[in-house]
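Here the structure comes first, spelled out in structure tokens, and everything after it is commentary.
The values are calculated or read from the model by the stated rules, or taken from the named source; none is laboratory data. These numbers were taken from a predicted model, which means no experiment stands behind them. Positions of Cβ are generated from backbone atoms using ideal geometry, with glycine treated the same way; all protein chains shown enter the neighbour counts. The area values use the complete protein model at the heavy-atom level, side chains included, leaving out ligands, DNA and RNA. Shrake-Rupley method; radii C 1.70, N 1.55, O 1.52, S 1.80 Å.
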Amino acid sequence: KSGAADLGGFPHFMLKEIFEQPQALRDTMRGRLVLDEGTVRFGGLKSFEERLRSLDAVTLVGMGTAGFTWLAGEYAIEELAGIPTKREVASEFAFRRSAQSKQGCLIAVSQSGETADTLNAIREAKRRGMLTLGIVNVTGSSIAREVDAGIYNHVGPETAVASTKASVSQVLLQMMFALYLARMRGLSKSEGQTLIKEMQKLPTYAEKILASAGDIKRLAKKYKKTENFFCLGRKYNVSSALEGALKLKECSYIHVEGGNIAELKHGPISLIDKNFPSIVIAPKDSMYEKNKSSIQEIKARKGLVIAITTEGNKELAKIADTVLYIPKTLEMLTPILAFIPMQLFAYYLAVERGNDVDKPRNLAKSVTVE
């Protein structure tokens, strides 16, 4: 069978693509980071630099994973570049009569470049006179052809239906794009250089997380009969929480609710009991203390907690049932690392439960119908 050769010794494409992520992150950055100037170079955007310099609003659209990665991008563009930014589910963009400025731009994210809902959003944005940009993995795809300008992921083909290497690349490209805009608008060269130096460490950090795959595999054995999970985070890591929840749903067919942990006490905490565990993404960042008190609230209600936190943080080991560690990085880059343990957990749970990991039931790699 020809597929076996392409698997390169891995049992499934999903696991192979999870392990390709250090290289995918390197390929995403290759030739684009300009350390001496503390900025980013995107060849495809060169002829639009004047328009991008005067942007007064950014609208981000995507579906599924692409839609979740944009939650991190939304924060980064506002925080670094100071441009009002909002994320829209691509399918709803055409039906929102929100004030769209001609100085605004629409950025469409899609792994396949064929997502029907996202294509429709691009066409609608063009009718409204907006600049349209794309973040796409597949060269020559419909979205790549329709947008005014684009940025390619360069991570190579992704075969498994559940996106892994393309999604970490999408987050990284959004952080790079935020930096690119910010340097046009007064972010200092040294701040840009600090961010670039941290970006350059991400592939090594990803390798470090992948080295702990065995621990996550054992964790999956422990939770394989669980039928409900929460997957929760704050700020940049609401993106990770939604993406982690999606991966678990797609691969393991377990019911998972992903979202902002601050919402928990506004209703959903009623679901917590000993059979409803929570995965909480709680790195040592500006949200850490808030996340820690939410974990304590879950524990007080007999809920099990798997915490994902920064290496060296021993405090959560005393509170949570299990702690998974990611290397220390800048707050806005943490989702790139937090995605990885959750991808592994979803993969190993799916294997434990006997599911078809690469082609989960009812799903297609690119959704070309509305």
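What are the residues in the stretch 136-179 that are polar (S, T, N, Q) and surrounded by fewer than 24 Cβ atoms within 10 Å (Cβ to Cβ), if any? Of everything in the stretch 136-179, those that are polar (S, T, N, Q) and surrounded by fewer than 24 Cβ atoms within 10 Å (Cβ to Cβ) turn out to be T139, S141, S142, T159. The residue list K284, K249 contains one member that is surrounded by fewer than 22 Cβ atoms within 10 Å (Cβ to Cβ), in contact with a strand residue (DSSP E or B) (Cβ under 8 Å, 6 or more places away or on another chain), at pLDDT 95 or above and not in a helix (DSSP H, G or I), which is K284. Please give the number of the condition Q111 fails out of (1) modelled with pLDDT of 90 or more; (2) closer than 30 Å to F19 by Cα. Of (1) modelled with pLDDT of 90 or more; (2) closer than 30 Å to F19 by Cα, only one is false for Q111: (1).
If you scan the stretch 130-140, which residues turn out to be of a type outside the set (V, I, T) and either touching a strand residue (DSSP E or B) at 6+ places or on another chain (Cβ under 8 Å) or under 10 Å from V109 (Cα atoms) (or both)? Within the stretch 130-140, M130, L131, L133, G134, N137 meet the criteria.
The set of residues from the stretch 1-53 being at pLDDT 95 or above, surrounded by fewer than 13 Cβ atoms within 10 Å (Cβ to Cβ) and not in a helix (DSSP H, G or I) comprises P11, R30, G31. In summary, E88 fulfils each of the numbered conditions (1) in contact with a strand residue (DSSP E or B) (Cβ under 8 Å, 6 or more places away or on another chain); (2) in contact (Cβ under 8 Å) with a residue 24 or more places away in the chain; (3) among the acidic types (D, E); (4) within 24 Å of Q200 (Cα to Cα) with the single exception of condition (4). Every listed requirement among (1) in a loop (DSSP other than H, G, I, E, B); (2) open to solvent by less than 40 Å² (accessible area, probe 1.4 Å) is met by L71 save one, (1).
The residues of the stretch 322-363 that are touching a residue at least 24 places away in the same chain (Cβ under 8 Å) and in a loop (DSSP other than H, G, I, E, B), listed by number, are P327, K328, T329, L330, R353, N355, V357, D358, K359, P360, R361, L363. Taking the criterion of being under 22 Å from the mean Cα position of the chain (by Cα) and either outside any strand (DSSP E or B) or among the β-branched types (V, I, T) (or both), the residues of the stretch 254-276 that qualify are I254, V256, I261, A262, E263, L264.
This table checks each residue for (1) open to solvent by 30 Å² or more (accessible area, probe 1.4 Å); (2) within 28 Å of R353 (Cβ to Cβ).
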{"position": "L181", "(1), (2)": "no, no"}
{"position": "L187", "(1), (2)": "no, no"}
{"position": "Q193", "(1), (2)": "yes, no"}
{"position": "T204", "(1), (2)": "yes, no"}
{"position": "A211", "(1), (2)": "yes, yes"}
{"position": "K221", "(1), (2)": "yes, yes"}
{"position": "K235", "(1), (2)": "yes, no"}
{"position": "E243", "(1), (2)": "no, yes"}
{"position": "F276", "(1), (2)": "no, yes"}
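Of the residues examined, L133 is one that is more than 25 Å from K249 (Cβ to Cβ) and surrounded by 21 or more Cβ atoms within 10 Å (Cβ to Cβ).
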